[in-house]
Amino acid sequence: MERMINILGFAGSLRKGSYNKALLSATLELVPKGAAMEIFDLEGILPFNQDMENQPPQKVREFKARIRAADAVLIATPEYNYSIPGVLKNAIDWASRPYGDNAFEGKPAAVMGASVGMLGTARAQYDLRRSFVFLNMYLLNQPEVMVPFAQDKIDKDGKVTDLKTREKIKELLQSLVTWTKRLKGE
Ligand SMILES: Cc1cc2nc3c(=O)[nH]c(=O)nc-3n(C[C@H](O)[C@H](O)[C@H](O)COP(=O)(O)O)c2cc1C
């Protein structure tokens with residue numbers, strides 16, 4: 001029997017009605033057979049302080065442990081001022097430290113995002129990809145899932161109603177599973 005591929009997802013928005021949280025919630029329904037999705041909420045992670053990197057807060061310890069336990073990570077990010085939101089960068093900074101204890105080391109990863117604008121988080125996603133180079137993560141190139149005008153594709157209850165968007169998310173998940181297995185030689 002094939003081993004389950006466990007994917008940890010987190011969103012770069014703390015907002016209750018977040019469109020990016022909605023994209024992640026959709027993955028729970030769309031994840032392919034043989035893989036499992038879990039979602040980690042970044043709410044409560046304190047601002048990074050390097051004085052504390054050797055004794056990080058409990059929430060950060062938990063975050064790092066969950067990243068390490070996962071076979072792959074999937075990030076859904078908004079775009080704030082043409083880049084990634086501070087909460088996401090802050091969480092990534094914590095998980096990458098102290099030097100030599102980067103929880104993301106060698107981790108397969110994928111990114112997606114939703115915005116109310118017309119570029120669907122493209123600029124934020126490319127900024128995130130740049131950080132992944134330094135973190136030595138193995139980022140899936142394709143498909144790129146950039147959801148513009150999210151307000152027309154996600155309803156008030158946070159359900160992704162747009163069929164093309166759901167198809168893209170499904171394709172991304174399948175590609176991430178294939179990519180993860182290839183990297184692990186499975
Ligand atoms: C501080 C801030 C900056 C923003 N900057 C951008 C931006 O550069 N590009 C963009 O497309 N949308 C921008 N937006 C709008 C976001 O796309 C929109 O708020 C989106 O719903 C955020 O994602 P969420 O629904 O997951 O919280 C910005 C929103 C905020 C709060």
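Report, please, the projected area of the chain averaged over directions, based on the convex hull of its C-alpha atoms, in nm².
10.3
Accessible area per residue for the stretch 76-186 in Å², computed with a 1.4 Å probe and the full protein assembly in place, what is it?
On a per-residue basis, 52 Å².
With a point put 7 Å past each Cα toward its Cβ, work out how far K156 is from L14 in nm, to one decimal.
Inter-label distance under the simple model: 2.6 nm.
Starting from the Cα of E62, step 7 Å along the direction of its Cβ; do the same at L28; then give the gap between the two resulting points in nm.
1.6
Where nothing but the Cβ of Lys and Arg (+1) and of Asp and Glu (-1) is charged, how large is the charge dipole of the stretch 14-149 around its Cα centre, in debye to the nearest 20?
Computed charge dipole of the stretch 14-149: roughly 100 debye.
How large, in percent, is the carbon and sulfur part of the accessible surface of the stretch 5-144 at a probe radius of 1.4 Å?
Looking at the stretch 5-144 in its full context, I get 52 percent from C and S.
Taking a label point 7 Å from the Cα of D93 along the Cα→Cβ vector, which residues of the stretch 118-152 have an amide N closer than 15 Å to it?
131, by backbone N distance to the label point.
Which one of Y80, Y19, Y99 has the biggest mean-square fluctuation once the chain is modelled by GNM with Cα springs under 10 Å?
Y99
Report, to two decimal places, the Cα Rg of the stretch 6-86 normalised by 2.2 N^0.38 Å (N = number of residues).
1.18
With a 1.4 Å probe and all protein chains left in place, how much accessible area per residue does the stretch 1-60 have, in Å²?
Solvent-accessible surface per residue comes out at 57 Å².
Of V133, V145, V31, which has the largest mean-square fluctuation in a 10 Å C-alpha GNM of the chain?
V133
Anyone know which of L172, L74, L30 comes out most mobile in the 10 Å Cα GNM of the chain?
L30
With a ≥ b ≥ c the root eigenvalues of the C-alpha gyration tensor of the stretch 47-120, is it rounded (a/c under 1.5), prolate (a/b larger than b/c) or oblate?
The shape class here is oblate.
Which lysines have a Cα less than 20 Å from the Cα of K159, not counting those fewer than 8 places away in the same chain?
K16, K21, K168, K170
Determine the order of M4, M37 by accessible area, beginning with the largest, at a probe radius of 1.4 Å.
Largest accessible area first, the list is M4, M37.
The values are calculated or read from the model by the stated rules, or taken from the named source; none is laboratory data. Computed from a predicted structure; not experimentally measured. All Cβ positions, glycine included, derive from the backbone under ideal geometry; neighbour counts span all protein chains shown. Quick note on the areas: whole protein, heavy atoms, side chains included, nothing else; ligands and nucleic acids left out. Shrake-Rupley method; radii C 1.70, N 1.55, O 1.52, S 1.80 Å.
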